[in-house]
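Take a look at the structure set out below.
The values are calculated or read from the model by the stated rules, or taken from the named source; none is laboratory data. Predicted, not measured: the structure shown is a model, and the values here were computed from it. Cβ coordinates were reconstructed from backbone atoms using ideal geometry, including for glycine residues, and neighbour counts include every protein chain displayed. Side chains included, ligands, DNA and RNA excluded: accessible areas come from the protein's heavy atoms. Shrake-Rupley method; radii C 1.70, N 1.55, O 1.52, S 1.80 Å.
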Amino acid sequence: MRAFRYHRPVDVTEAVALLDADPEAAYLGGGTNLVDLMKLGVQRPGLLVDVSGLPLDTVEPGPDGGLRIGATTRNSDLAAHPLVRRDYPLLARALLAGASGQLRNMATTAGNLLQHTRCGYFQDTTKACNKREPGAGCAALHGQNRELAILGWSERCVATHPSDLAVALVALDAVVEVREPAGPREVPLTELHRTPGDHPERETTLPRGALITAVRVRPLPFARRSEYLKVRDRAAFAFAAGSVAAALDLDGDVVRDVRLAYGAVAHRPWRAYRAEELLRGRPFTAELAAQAANAELAAARPLRHNGFKVPLIRNITVRALTGLAGSVRP
Ligand SMILES: Cc1cc2nc3c(=O)[nH]c(=O)nc-3n(C[C@H](O)[C@H](O)[C@H](O)COP(=O)(O)OP(=O)(O)OC[C@H]3O[C@@H](n4cnc5c(N)ncnc54)[C@H](O)[C@@H]3O)c2cc1C
Ligand code: SF4
């Protein structure tokens with residue numbers, strides 16, 4: 001592991017100035033992703049700016065009645081928060097479906113959203129990887145790609161985004177509050193992560209030095225009945241093979257509104273707009289849920305080893321939505 005300097009800024013302004021002044025600097029949240037990658041030699045920052053002690057760890061009602069989550073809130077604290085459990089159960093379920101208790105005690109909200117792909121070739125510096133080294137090639141495209149993308153990938157990169165929390169937040173149209181060297185800005189979470197295109201090394205739309213300070217979740221009363229279903233190879237301590245975040249609002253049998261997002265299928269959390277459109281305004285049935293998922297997945301281009309993700313995502317969509325429909329009926 002390369003030697004590095006370490007600094008704890010006193011406030012957001014100092015943190016952003018430190019990143020702006022030093023091209024080798026990186027923010028450190030809980031360190032559960034960054035330090036692992038440093039040990040593997042995948043990331044080699046010269047300065048760690050530890051933002052985990054900044055006073056950005058409160059979860060409170062937002063000005064519009066939603067929720068404002070400080071960027072350094074630990075995943076365990078967020079999952080246990082009474083407002084999250086009552087108003088946005090899909091967030092709590094997504095968090096608790098991830099990693100282990102010890103990791104959730106360290107991991108922060110911002111670090112979770114900005115964690116890097118778990119593509120094995122990205123983590124192995126002896127293998128070709130355009131994300132690690134632009135222009136090097138992609139060992140995964142014709143290699144072991146069982147875990148990797150079926151939607152939105154390019155010939156340059158077929159990696160998936162690993163965060164469970166991000167999938168749930170994308171379903172809720174959350175907004176990220178960012179402090180950049182030029183000043184504060186807000187970014188819709190649906191626009192935070194990118195599809196790889198020609199530049200898989202650019203994982204987000206944030207400029208260098210941008211510090212996430214909070215995530216705002218809009219009020220969505222029907223999210224009180226929401227679900228996060230995750231399928232993984234082991235019962236715990238494993239990333240998703242596929243996941244779905246869902247919230248459903250029924251008027252009698254008719255779908256008044258719905259939110260759907262998928263995890264482990266693309267380089268970014270995948271909001272299923274096409275499926276939502278097909279569901280809205282129609283009487284809910286399991287068949288309709290399957291049709292909606294099929295419409296979303298029509299654009300899927302499975303790789304050699306991950307064709308199973310198409311039926312998997314369809315099946316968990318049906319399971320999540322029929323479960324929610326059952327729970328809203330009198
Ligand atoms: C064995 C294992 C299993 C796991 N399983 C899952 C799982 O199933 N689901 C899941 O979602 N996650 C899983 N994780 C990942 C874990 O949740 C992430 O490592 C963690 O959420 C990252 O948060 P952190 O605060 O430790 O980030 P760090 O490692 O500190 O940082 C991650 C990235 O975010 C940047 N960053 C941190 N804070 C900020 C900020 N405020 N503004 C801008 N940039 C910032 C850092 O510079 C770095 O690039 C697993 C991890 C391990 C090791
Ligand atoms: S899929 Fe992306 S991260 Fe994985 S080896 Fe290819 S370029 Fe690298």
Practice task
Just tell me which lysines come within less than 28 Å, Cα to Cα, of Lys309; anything on the same chain fewer than 8 places away is out.
Solution key: Lys127, Lys131, Lys230
Fill in the blank from the handout: Under the rule rounded for a/c under 1.5, else prolate if a/b exceeds b/c, else oblate, using alpha carbon gyration tensor axes a ≥ b ≥ c, segment 218-286 is classed as prolate
Problem - Taking the chain and dividing mean pair separation by its residue count, relative contact order in percent (alpha carbons under 8 Å, at least six apart) - result: 17
Handout entry: Carbon plus sulfur fraction of accessible area for the chain, probe 1.4 Å, in percent
Key = 51
Practice task
Please work out the ratio of the alpha-carbon Rg of the chain to 2.2 N^0.38 Å and round it to two decimals.
Solution key: 0.98
Practice task
Rounded to the nearest Å, what's the spacing between the alpha carbon centres of segment 218-254 and segment 10-67? Just the number, please.
Solution key: 28
Exercise for the section: Provide the convex hull volume over Cα atoms per residue for segment 74-208, in Å³. Expected result: 131
Problem - Mean accessible surface per residue for segment 1-156, computed with a 1.4 Å probe while every protein chain stays in place, in Å² - result: 47
Fill in the blank from the handout: Computed over segment 48-137, the convex hull of the Cα set has an average projected area, in nm², of 8.1
Exercise for the section: Work out how much length Ala136 to Ala21 would gain on full extension: take 0.36 nm times their residue separation and subtract the Cα-Cα distance, in nm to one decimal. Expected result: 38.5 nm
Practice task
Evaluate the charge dipole of the chain about its Cα centre and quote only its size in Debye, nearest 20, assuming +1 on the Cβ of each Lys and Arg and -1 on the Cβ of each Asp and Glu.
Solution key: 900
Handout entry: Radius 14 Å from Cβ of Gly31, net charge of other residues (Lys, Arg +1; Asp, Glu -1)
Key = +2
Handout entry: Whole-angstrom Cα spans of segment 1-61 along principal axes, big to small
Key = 40, 24, 14
Handout entry: Shape call, segment 104-176: gyration tensor on alpha carbons, a/c limit 1.5
Key = prolate
Problem - Difference of contour (0.36 nm per residue) and Cα-Cα distance, Gln43 to Glu277 - result: 80.2 nm
Problem - Global size of segment 229-327 as Cα Rg and Dmax, reported in angstrom - result: 13.3, 43
Fill in the blank from the handout: For segment 167-220 the trypsin sites (Lys or Arg not before Pro) that pass both the DSSP coil test and the at-most-14 other-Cβ-within-10 Å test are Arg202, Arg208
Practice task
Can you tell me how much longer the chain between Thr322 and Phe237 gets when fully stretched, taken as 0.36 nm per residue apart minus their C-alpha distance, in nm with one decimal?
Solution key: 27.9 nm
Completion exercise
Given backbone amide H placed at 1.01 Å from N, residues whose amide H is under 5 Å from that of Gly242, ignoring those fewer than 5 places away on the same chain, are Val231
